[in-house]
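Beneath this line is the structure, given in structure tokens, with notes to follow.
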Amino acid sequence: MSIALLFSVFVVASCGLAYELVAGALSSYLLGDSVTQFSTIIGTYLFAMGIGSYLSRFIVKGLVARFIQVELLVGLAGGFSAALLFVIFAWVAGPFKLVLYGLVLLTGILVGLEIPLVMRILKQHYGLKDLVSQVLTFDYLGALAVSLAFPLLLAPHLGLIRTSLLFGLMNALVAAWALWLFRTQLAGLKALSVQCFLVSALLLGGLLGADRLTSLAEENLYADEIIYTETTPYQRIVMTRWKDDIRLFLNGNLQFSSRDEYRYHEALVHPALQAVRHPRRVLVLGGGDGLAVREILKYPGVERITLVDLDPNMTALFKRLPMLRALNQDALHSPKVSIVNDDAFQWLDRSHDFYDFIVVDFPDPTNYMLGKLYTNTFYRLLEKHLSQHGLAVIQATSPLYARKSYWCIDQTLRSVGLKTAPYHALVPSFGEWGYIIASHQPYTPPERYGASLRFVSAGLNPVLFQFPLDMAPVETEINRLNNQALVHYYESEWKHQAP
Amino acid sequence: MNRRDFLLSLAASACLSGCQPAANPLLPAGSMLGPSMERGHRLRGRDFPAPSETRKTGVAIVGGGIAGLSAAWKLNKSGFGDFQLFELEDAAGGNARSGKNAVSAYPWGAHYLPLPGVEARETRELLADLGVLQGDPYAESPSYDERFLCFAPQERLYRHGLWQEGMLPQIGATRRDQEQYRRFFTLLDQFRQRHGARGLRAFSIPAARSARDSDLVALDRISMRHFLQQQKLDSPLLHWYVNYGCRDDYGSDYAAVSAWAGLHYFASRDGRVGNVDSDQVLTWPEGNGWLVKEMQKGFSERIVSGALAQRMAETRSHVELDVYMQRENRSVRWQADRVIFAAPMFVLPHIFEGLDEKLKQACQQIRYAPWLVANLTLNSLPEPGHGAPLSWDNVLYGSPALGYVNATHQNLRSHEGPAVLTYYWALSGEPEKVARQRLFDTPWQNWSESILRELSRPHPDIRDKVTQLDIFRWGHAMSKPVPGWIWSAERERLTVPHGRVYLAHSDLSGFSIFEEANYWGVKAAEHVLKKATV
């Protein structure tokens, strides 16, 4: 029996350390700054164990029964800790730290109770000298085993949620085993058995349902219900829905919210397109969602729209899903639209066609690859494909949050001899957003709009084309392939000013 | 499972991930390439079929590297069409040769050209002709086509597990290191601004247009390492940086490079330009192979490849040049009014009958650095590590090799995809003969394993990404500017014409860079043109 109890010391010690490691890893994963997270978690945990050890003196009667119950409680608190923390973090960011340290404190206190209780139970079998030596040996061995297994086997293969559930189950099994060993000496055997069974069943259920739990938690990292995910060779597409609001994220960056995308796309298309005389051939670079195309199709004179988007999965998605087809009003099925899935820079370099209207709707210049699409070399190419009376419009990030980036794009467009008309609009889900119209001939805003619109109107022109002081022009470098000035501006601005 | 088993299995699994056997049998596909050794080595045996035909030409150019191509380009530009260029290999290009696969074009050797200064008139004229330089080629600061200027980010260095921007070590550099950096760069600035007798710059490209003040020339007699020590510069980081520059440009350790050459590398580049910074370089996915391809467009039909010039002799009225045609297995005797010999100079004594003894000695005195160049095709780029992002040129501090260049960097593509990395390794740490022997004796498997192991340091996932690894061995890649060679009478002897034979090669400068080869090629062509018009 004493060997059995010593082995349970080994298991109990393993579990104790495992919860500490899980809490440390989880908090550094979710909150960052691993040194701070680990040292505060370990400190709190050790302190809580001290409290537990102190409290153990108040347990006088029914040592074995209390030990079994402590085990079950540790199993529950520790076992579900990771899952609970994930869910809390995903749903409500606020009390995460409170719950985290509360859980660490609770688990620590319970774990702190274990060893003193075991020692007192074992007192009947050993002298003090052997008792301390044996118990602490197995205690530290258990710690060693887990500290090796955690980074090598458990965290990478099982993940944090299942690791903590697994150790919870081990605690529960130790309880069940103790129940079996002491079955003849225990009062209230039936009640204890039921408790043991319930806790084990809960933990086992948790372990089996962990996958569902993980995805549930991940889902909630996006605020709303995830209705579609796809990883293509080029990006991760995630779509969420909350009531009637559909949101599209590419690589975690919001592309549009169905509730206000009309503002973004009306502002993108109409101020320029309405001002082009007899637009016939239109080119859309980026914008595989077909929402800009939807706006362009409001001009019956347009004969042909070429849409160039890198990712065939993206255009196929917006051609296929009924919900998205409703959003872009089946724009991608229009006989006027031809879709090209190619790299915009390389495609434009090969093409010889002219266009009366060109929409340049690329993701923000977050890296050097995308930065190429905002260089003078690219705009020189753009200029070559723009007909003499044609207009191009470029989505140009936020002049409020990334003021230098915005005016750098303007400066770069002008450096290749294009005339520019910068303007901006408020899109609630994005904030204040910037666009630039580029052309050979000077641009004049249209005095009236023919299409039926919800946001843009002739009366809005002064608001669009005037820049308040906090978004006013600033001096910048020209963005070139050999300096990538824009990526540097963008990085420093969004790092410091993003809301 | 008991505790013992558990601990044992843990130990076993820890070992699985930590202590793999040294040789990894999992190597990608690949092959060993190189200049056709047996073709060149045939010169030693001299068993060639007797000429079966005699033909005539105005000018015969021997060698289709940058010097030979430059000579041909100049002749062609000047409206002189009566020439033939004989190239030993199946394609012209020499050190600037390149390859191409489904992913990208890539270099097999020289991969960039620094922006030429005003003294490099010949190179600027060439670049203007090819549309790389725009506007007046003689302007103080001309403009260049931005597609050919190296895209940002240009270079980064890996040290202590971190990538930093730029090549000068900043991570872990102490105040003392920084102070020595400043002192070194101030010194370089002084050399850069110094003009010697006749108003020539202290260090100029081409080297022939440098000042010859005695204190400058004296720098050629000590090594670059010695020079740093003389200046009381002892920062290990600065020494690494300077040594790296010498290994990269000259294929030789700084202890075996003359201080004049070492300083020339740092202080000669002054390519001020209208639209870029001065430390910019011109580059293409296939490296200088792009220049090779463009240069020969006007005269490709006059290039005879697989053609080994095996005997050259001057007669009273012309030069007799016996050319062995590899594919036809026969020799043709060409009677040329003039010959521009643009092959490496170590070849000259093997084929030039009646070569002046002193000239022969000069040729035999040149020491050549062996190089290895590998091209690694990757199905996708390695995961980004810590610090600066993947750049055009990526260097590992303390590595015996020189790092790798991303051939796909100069692609207009705006998304990530498969890539080709060109890995450079100058075998500079040992005597040339030993290094050359090692280069050719070591099998592909061992080179590949060394390269992949080295690259696994910053890129643990590299083995999963590489699908093809080809290696090119250059036995005589470039002549070394060892102390005392550049300003020696022997080297000078190579630069004067010898009757109807004009030598043209970067070997004439004593170190191997594009501009020098181009200068001698154009200069030889100009001599020939002068004679032709007289």
>> Could you compute the net charge surrounding A:VAL282? Neighbours are other residues with a C-beta less than 10 Å from the C-beta of A:VAL282; K and R count +1, D and E count -1.
In response: +2
> Mind ordering A:111-120, A:461-470 by average Cβ neighbours within 10 Å, highest first?
Replying inline: A:111-120, A:461-470
> Between B:GLU53 and B:SER141, what FRET efficiency follows from the Cβ-Cβ distance if R0 is 60 Å, with the result rounded to 0.05?
Replying inline: 0.70
> How much net charge surrounds A:ILE394 when only other residues with a Cβ under 10 Å from its Cβ are counted (Lys, Arg +1; Asp, Glu -1)?
Replying inline: -2
> Taking every residue in A:376-382, how many Cβ atoms of other protein chains lie within 10 Å of its Cβ, on average?
Replying inline: 2
>> If I model a spin label as a point 7 Å beyond the Cα along the Cα-Cβ vector, how far apart are those points for B:ASP82 and B:HIS195 in nm?
In response: 4.2
> Once you put a point 7 Å from the Cα of B:THR186 and another 7 Å from the Cα of A:GLU475, both along the Cβ direction, what distance in nm separates them?
Replying inline: 3.0
> Given q = 0.11, 0.15, 0.16 Å⁻¹, what are the Debye log10 I(q)/I(0) values for segment A:260-494, with equal point scatterers placed on the Cα positions and solvent ignored?
Replying inline: -0.51, -1.00, -1.16
>> Counting only Cα atoms, I'd like the Rg/Rh figure for segment B:381-534, Kirkwood definition for Rh.
In response: 1.09
>> Contact order normalised by length for segment A:260-494, with contacts defined as Cα pairs under 8 Å and 6 or more residues apart; what percent is it?
In response: 23
> Using 0.36 nm per residue, how much length does the chain from A:PHE354 to A:ALA201 gain when fully extended, once their Cα-Cα distance is taken away?
Replying inline: 48.2 nm
>> As an exercise, use a Förster radius of 45 Å and the Cβ-Cβ distance of A:LEU46 and B:SER380 to find the FRET efficiency, rounded to the nearest 0.05.
In response: 0.50
> Which parts of segment B:71-99 would a label at B:GLU38 reach, counting a residue when its backbone N lies under 16 Å from a point 7 Å out along Cα-to-Cβ?
Replying inline: B:89-90
> Any idea what the relative contact order of segment B:297-366 is, in percent, if you count C-alpha pairs under 8 Å spaced at least 6 apart?
Replying inline: 25
>> Quick check on the exposure proxy: order A:HIS352, A:HIS333 from fewest to most C-beta atoms within 10 angstrom.
In response: A:HIS352, A:HIS333
> Exposure proxy check: A:GLU493, B:GLU430, B:GLU119 ranked by fewest other beta carbons within 10 Å?
Replying inline: B:GLU430, A:GLU493, B:GLU119
>> As an exercise, find the ratio Rg/Rh for chain B from alpha-carbon atoms, using the Kirkwood inverse-distance average for Rh.
In response: 0.99
> What's the FRET efficiency of A:LYS243 with A:GLN329 using the Cβ-Cβ distance as r and R₀ = 25 Å, to the nearest 0.05?
Replying inline: 0.75
>> Helix-only mean residue ellipticity at 222 nm, the protein assembly as shown, DSSP H runs n ≥ 4 weighted -39,500 (n - 2.57), per residue, nearest 500. What is it?
In response: -13500 deg cm²/dmol
> Given Cα pairs under 8 Å that are at least 6 residues apart, what percent is the relative contact order of chain B?
Replying inline: 25
> Taking neighbour counts of Cβ atoms within 10 Å as a proxy for exposure, in what order, fewest first, do B:VAL347, B:VAL522, B:VAL405 appear?
Replying inline: B:VAL347, B:VAL522, B:VAL405
> With no solvent and one point per C-alpha, what does the Debye sum give as log10 I(q)/I(0) for segment A:94-221 at q = 0.09, 0.10, 0.14 Å⁻¹?
Replying inline: -0.37, -0.45, -0.87
> Quick one: helix A:159-181 against the long Cα principal axis of chain A, what's the angle to the nearest 10°, folded into 0 to 90?
Replying inline: 20
> Using Cα atoms only, what is the angle between the long axis of helix B:432-441 and the major principal axis of chain B, expressed in degrees (0 to 90) to the nearest 10?
Replying inline: 70
> For A:PRO233, what charge total do you get from the other residues with a beta carbon under 12 Å from its beta carbon, if Lys and Arg give +1 and Asp and Glu give -1?
Replying inline: -2
> If one takes the longest principal axis of the Cα atoms in chain A, at what angle in degrees, from 0 to 90 and to the nearest 10, does the Cα axis of helix A:2-31 lie?
Replying inline: 20
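Read the figures in this text as sums done on the coordinates, not as results from a lab. Since the structure is predicted, the reported quantities are computational estimates derived from the model, not experimental observations. When we count neighbours, we look across all protein chains shown, and the Cβ atoms used for this are built from the backbone with ideal geometry, even at glycine.
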